[in-house]
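The values are calculated or read from the model by the stated rules, or taken from the named source; none is laboratory data. The structure presented is a predicted model; accordingly, all values stated were derived computationally and were not measured. No Cβ is skipped: glycine too gets one built from the backbone with ideal geometry, and neighbour counts run over all protein chains shown.
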Amino acid sequence: MNAMPIGRARNAVALFAMLMLIWIMLEGSVAIDVLLVGAVASALVTFVQRDGLPIVTEARFTREAAIAAVEYVGYFLKELVKSNLHIAAVVATPSLPVRPGIVKVHTRLKSRTARVLLANSITLTPGTLTVEIEGEWLWVHWVTMEAADPEEATQQIVAGFEHYLEAIYG
Amino acid sequence: MTSLLAVLGGLLLVAGASFLLLGGLGLVRMPDVYNRIQAGTKATTLGTLLTLAGVACLHPGWTMKLLLIGLFLLFTNPLSSQVLARAAHRSKVAPTAATEVDLLDETKGDGA
């Protein structure tokens with residue numbers, strides 16, 4: 001149970017901080033009574049969920065990881081906008097230029113959370129939709145398929161996000 | 001200053017609504033369930049985010065709550081799309097004839 005007391009304390013603190021932040025954002029106020037109620041509620045949830053949330057606990061707590069996280073968000077938003085313009089262009093073109101296919105890609109990421117984030121990111125980026133995950137393989141539906149070869153598809157779909165997620169989750 | 005924010009908010013709302021419209025158009029025009037999910041997921045995500053940003057400009061006091069809604073949306077939207085696509089594929093919903101390859105089908109065929 002107490003194999004990693006420091007790690008567990010760190011996880012609990014991180015979870016508590018995250019819950020408090022969400023609470024303050026929801027309340028939109030930092031009055032003392034609001035903070036007090038939030039602290040009690042957050043402490044209760046932290047106590048119940050003692051092992052913390054994987055999205056936080058599996059992350060590395062280093063400066064590099066924090067920088068990569070910020071870069072990841074920026075890259076993600078850029079890809080999200082590109083993705084929408086891409087789909088919008090396809091939909092608005094009278095000939096509907098789709099070239100669909102389900103391709104197989106590979107990830108180097110080991111952390112389960114990182115894989116989930118990768119799958120979600122792929123779904124929200126240009127023309128790709130994660131259909132199935134099994135171990136280190138992901139099957140991705142691609143509206144305008146550019147490469148059927150797993151190596152090439154991995155390079156085009158996965159590499160961008162993997163670079164950042166690897167720095168965050170290792 | 002206030003009117004500037006109001007104009008920006010209005011523009012963002014129009015942009016968000018446009019993407020949502022295109023997403024709806026995509027749902028009708030796309031040839032099969034997988035492509036429809038693609039159109040639905042992407043357009044609604046950015047469309048809704050832009051709409052939320054527009055509302056934040058018009059009601060600055062709501063910004064934090066809107067930000068939270070946006071975050072939850074970013075986590076849940078792709079997840080539900082992925083599960084829908086997986087369920088469709090597992091229950092053998094055939095992709096459109098225009099589909100060039102289905103490596104998932106082949107892999108599962110080789111395996112168990």
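Summary table below
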{"item": "Qualifying positions in region A:42-81 - away from chain B (no Cβ under 13 Å) and either acidic (Asp, Glu) or more than 22 Å from A:Ala9 (Cβ to Cβ) (or both)", "result": "A:Asp51, A:Glu58, A:Glu64, A:Ile67, A:Ala68, A:Val70, A:Glu71, A:Gly74, A:Tyr75"}
{"item": "Long-range neighbours under 9 Å by Cβ, at least six apart or interchain, first residue outside the structural domain of A:Val116 (by TED's automatic domain parsing) within region A:46-69, second aromatic (Phe, Trp, Tyr) and assigned to a loop (DSSP other than H, G, I, E, B)", "result": "none"}
{"item": "Boolean, B:Gly10 is surrounded by fewer than 21 Cβ atoms within 10 Å (Cβ to Cβ) and free of Cβ contacts under 8 Å to residues at least 60 places away in the same chain", "result": "yes"}
{"item": "Check on A:Trp142, surrounded by fewer than 18 Cβ atoms within 10 Å (Cβ to Cβ) and more than 21 Å from A:Gly74 (Cβ to Cβ)", "result": "no"}
{"item": "Among the residues listed as A:Ala114, A:Ala89, A:Ala119, A:Ala167, the single one being buried (at least 18 other Cβ atoms within 10 Å of the Cβ), assigned to a helix (DSSP H, G or I) and within 12 Å of chain B (Cβ to nearest Cβ)", "result": "A:Ala119"}
{"item": "Lone unmet requirement of (1) touching a residue at least 40 places away in the same chain (Cβ under 8 Å); (2) surrounded by fewer than 14 Cβ atoms within 10 Å (Cβ to Cβ); (3) not aliphatic (A, V, I, L, M) for B:His59", "result": "(1)"}
{"item": "Identity of the residue in region A:92-103, within 7 Å of chain B (Cβ to nearest Cβ) and surrounded by fewer than 20 Cβ atoms within 10 Å (Cβ to Cβ), that ends up nearest to the chain's Cα centre (by Cα)", "result": "A:Arg99"}
{"item": "Long-range neighbours under 6 Å by Cβ, at least six apart or interchain, first residue facing another protein chain (nearest Cβ under 7 Å) within region B:94-111, second in a helix (DSSP H, G or I) and modelled with pLDDT of 55 or more", "result": "B:Pro95/B:Tyr34"}
